[in-house]
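For reference, the structure discussed in these notes is given below.
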Amino acid sequence: MKLPYYISWTKQKDAASFEIASVDGVTITTTDGLRLIDMTSISYQAHFGHNHPTIIKHIKEQLDTIPMSSPKGIYPHKNETTYKLLQYMKKEDGKIFYTTGGAESVENALKMARDFTKKKIVLARSNSYHGATLGALSATGDWRNPAHMTPEGWVVRIPEPNEKEALKKTREIILQTGAENIAAIIIETITGGNGVYSGTKEWWQGLKKLCVEFNILLIMDEVVCGFERTGLSFGYMHYDVEPDLICLAKGITGGMIPFGAVWTSKKIADYYEDNILCCGLTNYAHPLGMAAMRGVLEIVHDKKFQENLKHVENIFKIELEKLKSLSIVKEIRVHGLLCAIDLKKTIDGKKFFQKGIYLVSQTNRIILVPPLVITESLLTEGMGKVYEVLEENL
């Protein structure tokens with residue numbers, strides 16, 4: 001079928017797509033009756049399933065009161081929900097800038113970092129994805145970057161955390177580039193679609209020491225990791241490191257409303273008390289996004305949600321251990337309910353789909369990111385089908 005709109009990240013002729021009839025919790029039903037278990041939270045954003053009643057309730061209530069607002073508008077829920085977000089992050093001394101998605105969060109974090117430091121260059125990893133807008137894409141190092149004319153000279157690549165003497169080499173790059181030219185280092189706390197990689201606690205703390213030594217800001221991209229995805233509320237909590245800016249999106253509303261945020265440290269917030277913040281969006285702090293986030297913050301503090309989450313995280317590990325026994329599996333990396341499985345050969349992603357599994361399949365790697373509200377029965381069913389596909393393709 002020729003569509004009147006584009007399918008993202010692919011050639012348009014015969015682009016992979018499917019027709020949806022309905023959604024229920026963590027399952028999707030296609031128009032031809034196929035029931036799919038969502039094992040990738042759509043695009044890693046459906047933390048709380050596809051139609052969580054708590055989030056829907058808050059959105060509906062907001063529609064009946066203040067459905068839209070000026071970016072400069074102040075209303076009770078905007079204040080209260082922002083304070084709750086800061087408390088949840090354990091970052092009450094900072095301040096929030098709202099966006100409508102992850103790429104915008106990265107864009108504005110980069111703009112603030114460059115404005116605050118009066119420096120231009122940003123250091124970033126090659127194995128990274130920070131968003132599809134031009135500034136965010138310039139920091140991105142994966143296959144999506146070369147397709148576009150991103151600004152030259154804005155970004156310098158640093159070694160991957162697992163490379164030998166990574167911190168020593170990073171220090172050398174800082175000296176070669178000139179610390180007086182470097183505004184920030186931007187890093188995904190744990191990569192998502194690029195393989196669920198992260199540095200060790202020692203690497204992160206060493207990176208922060210370099211930032212302090214050379215007066216460079218540390219931006220942590222938590223778009224994928226934030227809101228309970230990796231076993232803790234946020235990925236940065238695994239490493240006892242203090243970033244200067246944090247980029248948020250995806251789980252902030254569970255994907256129900258396009259939304260995002262940038263947290264800035266006190267020193268950056270203080271700077272903008274007397275300096276113009278040259279950042280703004282038409283739909284800044286949109287009331288429906290604020291409402292959806294309010295629902296998310298209610299869910300993550302719910303005792304039953306947390307109990308189920310810890311339980312299914314353990315079940316997930318058990319199911320992954322079963323996959324390790326298959327000769328096709330090369331390596332598994334997992335943090336909470338975020339997992340990459342490297343395979344010794346490529347499996348056509350259609351085979352998972354035909355089994356009733358919706359997931360991300362990339363050449364010889366699959367990414368599993370089940371919704372945080374998935375039940376044990378659906379998780380074991382989904383993982384069982386993943387096992388079947390892998391076993392059938394040894």
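Only the coordinates and a few stated rules stand behind these numbers; no lab work does. What you see is a predicted model, and the numbers here were worked out from it, not measured in a lab. Every residue, glycine among them, receives a Cβ derived from its backbone with ideal geometry; neighbour counts consider all protein chains shown.
Given the -39500 (n - 2.57) contribution per DSSP H run of 4+ residues, what per-residue ellipticity at 222 nm results for the chain, rounded to the nearest 500 deg cm²/dmol? Walk me through the numbers on the way to the answer.
On the way: 12 runs with 141 residues, N = 394.
Result for the chain, helices only: -11000 deg cm²/dmol.
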Exercise. Roughly speaking, what is the centre-to-centre gap between the range 192-213 and the range 64-88 when only Cα atoms are used, to the nearest Å?
Worked result: 33
Seminar exercise, completed: From the Cα centre of the range 159-186 to that of the range 15-61, the distance in Å is 41
Seminar exercise, completed: Counting sequence-distant residues (5 or more places) and residues on other chains, those with an amide H built under 5 Å from that of Val155 are Val122
Exercise. How would you rank 295-302, 322-329, 251-258, highest first, on the average number of other Cβ atoms within 10 Å across their residues?
Worked result: 251-258, 295-302, 322-329
For this session: Given the peptides 24-31, 355-362, 162-169, 122-129, arrange them by the average over their residues of other C-beta atoms within 10 Å, most packed first.
Result: 122-129, 355-362, 24-31, 162-169
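Once Rh is set to the Kirkwood radius over Cα pairs, what Stokes-Einstein translational diffusion coefficient, in µm²/s, holds for the range 264-326 at a temperature of 4 °C and a viscosity of 1.567 mPa s? Before the final figure, lay out the partial values.
Details: Rh = 16.2 Å.
My calculation gives 80 µm²/s for D.
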